[in-house]
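Student: My questions will all concern the structure given below.
The values are calculated or read from the model by the stated rules, or taken from the named source; none is laboratory data. Only a predicted model underlies this, so the values are computations on that prediction, with no experimental measurement involved. Here the Cβ positions follow ideal geometry from the backbone for every residue, glycine too, while neighbour counts run over all protein chains shown.
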Amino acid sequence: MPFATPEPASPSPYIVLGVAGGIAAYKAIDVLRRLRDAGYTVAPVLTPDATRFVGPLTFSALASEPVRVGLYEDPHVPIPHTRLGQRADLIVVAPATAHLIARFAMGLADDLLSATLMATNAPVLLCPAMHTEMWEQPAVQENLATLRRRGVLVLEPEEGHLAGGDVGTGRLAEPETIVELVGRIVAGYRGPLTGRRVVITAGGTREPIDPVRVLTNRSSGRQGYALAEVASRLGAEVILITTTDRTLAIDVARRVGIVPVTTADELRVATLDAASTADVVIMAAAVADFTLAPAPNKLKKADGPPTLALTPTPDILTELVRRRSAGQVVVGFAAESTDVVANAEAKLISKGVDLLVVNDVLTPGAGFESDTNEVRLLTRGQAPQEISMRSKEDVALEVLTRVVALLAQGAQ
Ligand code: C5P
């Protein structure tokens, strides 16, 4: 009855090994053995379907903790999922089937393993294994994208022999590879931006005209916040320089450093300062192109329409590119309404950025104030990548995936 009383602190990292019902379940035995050899405390949780492929007895012979299958199997432990979820330092699911992935992405908790996945703040590593046709299904890939942008780690399956004599992508990653990644996660790895400092700007700047009026634009800051959220979940240390106050998910809000700014000048000072130690700078803010010296007192209607003496603001992005350190990745945004492709390609060159995220602001459902976005990603020397209409979080994942690739190129 190990859960009836508070357990002593585990001397070694506590790993919940989830096993879903696929033929690769037999390899989970090897994963378990290797995890034990590496000194981890391992609590296996099998889905009911997994027990059709492998016997719980085999796991209990090798594990350090009791093997569990059902939510209701032990009357002394009415809430095994929360105990397991809270105690885990890491949950590894190997193999993760299409059905397990879908349940997790949807937030379903209809067996002990999926309920434990819902009841944890620990990192989760999914090791999918399935037939190639299933692996390539948009449903599976979209569920995995959803989970990835929520910070779930996915160890992609390999190519090789599958059940029924087929060959293709979908074979569970080698147990050795799984255990090696477990070691990195236990040591602090949280995703491809772990150890990276990412500066993101968000929202439209506001240039005061007088004490009550401002010159601004319709940028809501949603795309910048989505980038901050996803970058943090991919392991980055994030600084968000923003003109708007939006809500971040609770776990992310604890980790993202927020720098509130209002004007283009304030945004410039804060961004250049933060960028000096950043690996990545993403200028998602809609910066005013013109500013003015504000009137000290409220302009009177009776005095007639004022003449606003506008002066251009310095281009922060150009300055960032000029000052950037070796290997730093700089990303710009371009909101266009005419000749989108030609203007964007010219801007990629003139700004000198590594990646330009292009919006056609006239597209319904894209750009300012929208929850969704449709963008084109431009990098020098590569064909443009069209990102179809999707949530701003999903767009953020695509942008950050490109950033990860650019960082890797820079490191070569
Ligand atoms: O030239 P344009 O304003 O279209 O470029 C947009 C990109 O340049 C955005 O990434 C925006 O954040 C950045 N920008 C800037 N400083 C300005 C104006 C825009 O960094 N003064």
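Student: Return the residues of segment 257-292 that are closer than 23 Å to GLY327 by Cβ, away from the ligand (no atom under 12 Å from the Cβ) and not in a helix (DSSP H, G or I); say none if nothing qualifies.
Tutor: GLY257, SER276, THR277, ALA278, ASP279, VAL280
Student: Let me ask another. Which condition breaks for LEU310 when tested against (1) farther than 30 Å from ALA408 by Cβ; (2) away from the ligand (no atom under 12 Å from the Cβ); (3) at pLDDT 95 or above; (4) surrounded by 16 or more Cβ atoms within 10 Å (Cβ to Cβ)?
Tutor: (4)
Student: In addition: Just give me the residues in segment 89-111 being touching a helix residue (DSSP H, G or I) at 6+ places or on another chain (Cβ under 6 Å) and assigned to a helix (DSSP H, G or I), in sequence order.
Tutor: ALA98, ILE101, ALA102, ARG103, PHE104, ALA105
Student: Quick one: is ASN343 modelled with pLDDT under 95, within 14 Å of the ligand (Cβ to nearest atom) and out of contact with any helix residue (DSSP H, G or I) (no Cβ under 9 Å at 6 or more places or on another chain)?
Tutor: yes
Student: Okay, next question. Starting from residues that are touching a strand residue (DSSP E or B) at 6+ places or on another chain (Cβ under 7 Å) and over 17 Å from ASP245 (Cα atoms), keep the ones in segment 191-206 and report whichever is surrounded by the fewest Cβ atoms within 10 Å (Cβ to Cβ).
Tutor: ARG197
Student: What about ASP251, is it surrounded by fewer than 21 Cβ atoms within 10 Å (Cβ to Cβ), assigned to a helix (DSSP H, G or I) and either more than 16 Å from the ligand (Cβ to nearest atom) or not assigned by TED's automatic domain parsing to the domain that holds ARG213 (or both)?
Tutor: yes
Student: Related question: Regarding segment 130-142, can at least one residue be identified that is within 27 Å of ARG33 (Cβ to Cβ) and either buried (at least 22 other Cβ atoms within 10 Å of the Cβ) or among the acidic types (Asp, Glu) (or both)? Walk me through how you get there before you give the answer.
Tutor: Going through segment 130-142, the residues within 27 Å of ARG33 (Cβ to Cβ) turn out to be 130-131, 135.
From the residues that got through so far, the ones that are either buried (at least 22 other Cβ atoms within 10 Å of the Cβ) or among the acidic types (Asp, Glu) (or both) too are 130.
Yes: one or more hits.
Student: Select from segment 357-375 the residues that are within 16 Å of the ligand (Cβ to nearest atom) and more than 19 Å from the chain's Cα centre (by Cα) and list them in ascending order. First the steps, then the outcome.
Tutor: In the first step, residues of segment 357-375 are kept if they are within 16 Å of the ligand (Cβ to nearest atom); the result is 357-362, 366-368, 373, 375.
Once the filter is applied, which keeps residues that are within 16 Å of the ligand (Cβ to nearest atom) and more than 19 Å from the chain's Cα centre (by Cα), segment 357-375 yields VAL358, ASN359, ASP360, VAL361, LEU362, ALA366, GLY367, PHE368.
Student: Can you work out which of the residues in segment 40-67 that are free of Cβ contacts under 8 Å to residues at least 60 places away in the same chain and within 31 Å of the chain's Cα centre (by Cα) is surrounded by the fewest Cβ atoms within 10 Å (Cβ to Cβ)? So that I can check it myself, show each step before the final result.
Tutor: Step one: of segment 40-67, the residues free of Cβ contacts under 8 Å to residues at least 60 places away in the same chain are 41-44, 49-64, 67.
In the following step, the residues that additionally are within 31 Å of the chain's Cα centre (by Cα) were identified as 41-44, 49-50.
Values: THR41: 19, VAL42: 24, ALA43: 25, PRO44: 29, ASP49: 16, ALA50: 26.
Ranking the candidates gives ASP49 first.
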